[in-house]
Amino acid sequence: QVQLVESGGGLVQPGGPLRLSCAASGIILSINTMGWYRQAPGKERELVGTISSGGSSNYADSVKGRFTISRNNAKNTVYLQMNNLKPEDTAVYYCNTFRARPAYWGQGTQVTVSA
């Protein structure tokens with residue numbers, strides 16, 4: 001059974017940083033392309049960025065240059081480093097495979113960017 005547990009969210013001021021973690025069990029993250037997703041109130045869930053099995057990453061235009069995805073294979077954990085956060089980054093953040101398998105969605109972690 002695959003379980004993805006997101007953590008690290010919170011309240012942060014505009015311009016501040018935050019690092020999210022996604023700890024996995026039942027799946028080896030290093031051989032999967034993993035994605036970070038977010039869902040803001042009243043909006044559809046969107047893909048923020050991905051990291052491939054080879055370690056290359058891609059990002060949505062809205063976060064490019066501010067967000068970085070990394071992975072710790074020994075801990076089977078994927079991270080999302082978010083810098084220069086903006087109010088429009090406020091959302092619940094999730095991780096999942098790039099295929100966004102429905103059964104893999106976790107509870108997510110809330111990120112609120114506000115002064």
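Ranked by the mean number of other Cβ atoms within 10 Å of their residues, highest first, the peptides 78-85, 102-109 come out as 78-85, 102-109.
Within a straight-line Cα-Cα reach of under 18 Å, Lys86 can be paired with the following aspartates and glutamates, leaving aside sequence neighbours fewer than 8 residues apart in one chain: Glu46, Asp61. Site pair Asn83 and Ile31 shows an inter-label distance of 3.4 nm when each label is modelled 7 Å from Cα along Cα→Cβ. Note on Gln13 and Glu46: the extension gain reaches 9.6 nm, defined as 0.36 nm multiplied by sequence separation minus the Cα-Cα distance. Taking the protein heavy atoms of region 9-115 in the context of the full set of protein chains, the accessible area attributed to carbon and sulfur is 48 percent at 1.4 Å. Per residue, the chain exposes 53 Å² of accessible surface when a 1.4 Å probe is rolled over the protein heavy atoms with every protein chain present. For Lys64 paired with Phe98, estimate the spin-label separation in nm (one decimal), with each label point 7 Å from Cα along the Cα-to-Cβ line. Output for this residue pair reads 1.7 nm.
Taking 0.36 nm per residue of separation and subtracting the current Cα-Cα distance, fully stretching the chain between Ser114 and Val5 would add 36.8 nm.
The values are calculated or read from the model by the stated rules, or taken from the named source; none is laboratory data. Keep in mind the model is a prediction, meaning the values are calculated, not measured. Heads up, the Cβs are rebuilt from the backbone with ideal geometry, glycines too, and the neighbour counts pull from every protein chain shown. Side chains included, ligands, DNA and RNA excluded: accessible areas come from the protein's heavy atoms. Shrake-Rupley method; radii C 1.70, N 1.55, O 1.52, S 1.80 Å.
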